[in-house]
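A.B. asks: Please find one structure pasted underneath; my questions will follow.
Derivation of every value follows stated rules applied to the coordinates shown; laboratory data play no part. Owing to the predicted nature of the structure, the values given are computational and were not obtained by experimental measurement. We place every Cβ from the backbone using ideal geometry, glycine too, and count neighbours over all the protein chains shown.
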Amino acid sequence: MSEPGEVVQLLRRDVKVLTMKLLSALKDFYTFKELEEILGIPYQTLWRYTNYLTTPEEGTAKKLIQTIRERKLIENTFEKNFAIAKDLSDIWAIVKNIGFLDLVAFETLELLDGEDVDGVLAFPEESGVLGAVIAHWIRGDVCVTTKAVSLGEALIEYYKDNSMELDMLAVSRGCIPRKGKVVLATLVLNNKELLEAALTIVRKSGAQPIALVAVFAVGKNWEKVIESLGLRRYKIFNHLSLS
């Protein structure tokens, strides 16, 4: 994990734009007055940053990101949101917030540690918005698995769902960039066979899966499962216990 002062260099993005996007996400969870007190920047200036009316100087931008890290604004935001998620029925109230997904995407950038990525595979279909937000932050393409494809024009993998019935993942041929580096993204990790199917689709397309991001994981031992499938870079934001 990078040190707070190094994150900007590792992300290899325009630090000024990155800071404005990060502040815009945080304002969904903190008032401008709270951010003013924490960050030491007048709330009027913060408002202009978040509305892209004023661009911070590079030094100011770096200091803001460092302070955000030191004061654990992102971690505290996640903690407060995850506190209300007791089971799967609670998660949609959290992930429907684009500001929340923006913070997940920011953490994904740090997970990638500056590595350039070509695209995101979001699976299953419900994870499409998450995949699109991450793709926007990493400046890559997004491909969302679907069942509404013509069989001859798709890459398809079958798997058993949690009720042990046969289900499928499919993407249009050419959707995943061939020889590209791909991040897998899912809202809920709760089926090993589903994850295996997503990985197989990426590899069948000729691309390289380099990381996995899951907002929630249901059950235990997912870290061992993920590593056994050949992924060394991954982030699970919150674990849910089975009822």
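A.B. asks: Kirkwood hydrodynamic radius of region 1-134 from all distinct Cα pairs, in Å?
C.D. replies: In region 1-134 this quantity evaluates to 15.7 Å.
A.B. asks: Could I ask something else about it? Are there trypsin sites (Lys or Arg not before Pro) in region 136-223 that DSSP marks as loop and that have at most 11 other Cβ atoms within 10 Å, and which are they?
C.D. replies: Here the trypsin sites (Lys or Arg not before Pro) that fit, given the DSSP loop and packing criteria, are Arg139, Arg178, Lys179, Lys220.
A.B. asks: In whole Å, largest first, what are the principal axis extents of the Cα atoms in the chain?
C.D. replies: Projected onto its principal axes, the Cα set of the chain covers 56, 41, 30 Å.
A.B. asks: Which whole-number percentage describes the relative contact order of the chain, with Cα contacts under 8 Å and a sequence gap of 6 or more?
C.D. replies: 16
A.B. asks: Follow-up question, since we're still on this one. What aspartates and glutamates could a cross-link reach from Lys33, if we take a straight Cα to Cα line under 19 Å and drop same-chain neighbours fewer than 8 places away?
C.D. replies: Glu70
A.B. asks: A follow-up question, please. Calculate for the chain the 222 nm mean residue ellipticity that helices alone would give, adding -39,500 (n - 2.57) per DSSP H run of length 4 or more and normalising by residue count, nearest 500 deg cm²/dmol.
C.D. replies: Value at 222 nm, helices only: -13000 deg cm²/dmol.
A.B. asks: Rg and Dmax in Å for region 115-169, alpha carbons only: what are they?
C.D. replies: My reading of the Cα-based Rg and Dmax gives 13.1, 38 Å.
A.B. asks: Give me Phe123, Phe29 sorted ascending by neighbouring Cβ count inside 10 Å, so fewest comes first.
C.D. replies: Least crowded to most crowded, the residues run Phe29, Phe123.
A.B. asks: Quick check: convex hull over the Cα atoms of region 4-71, volume per residue in Å³, rounded to an integer?
C.D. replies: 74
A.B. asks: Let me ask another. Please enumerate, by chain and number, the lysines with C-alpha under 17 Å from the C-alpha of Lys179, excluding those fewer than 8 residues away in the same chain.
C.D. replies: Output for Lys179: Lys204.
A.B. asks: Still on this structure: Evaluate the charge dipole of the chain about its Cα centre and quote only its size in Debye, nearest 20, assuming +1 on the Cβ of each Lys and Arg and -1 on the Cβ of each Asp and Glu.
C.D. replies: Magnitude of the dipole: close to 320 debye.
A.B. asks: Give the aspartates and glutamates whose C-alpha is closer than 12 Å to that of Lys235, dropping any in the same chain fewer than 8 places away, or say none.
C.D. replies: Within the straight-line limit of under 12 Å, Lys235 reaches these aspartates and glutamates: Glu107, Glu110, Glu223, Glu227.
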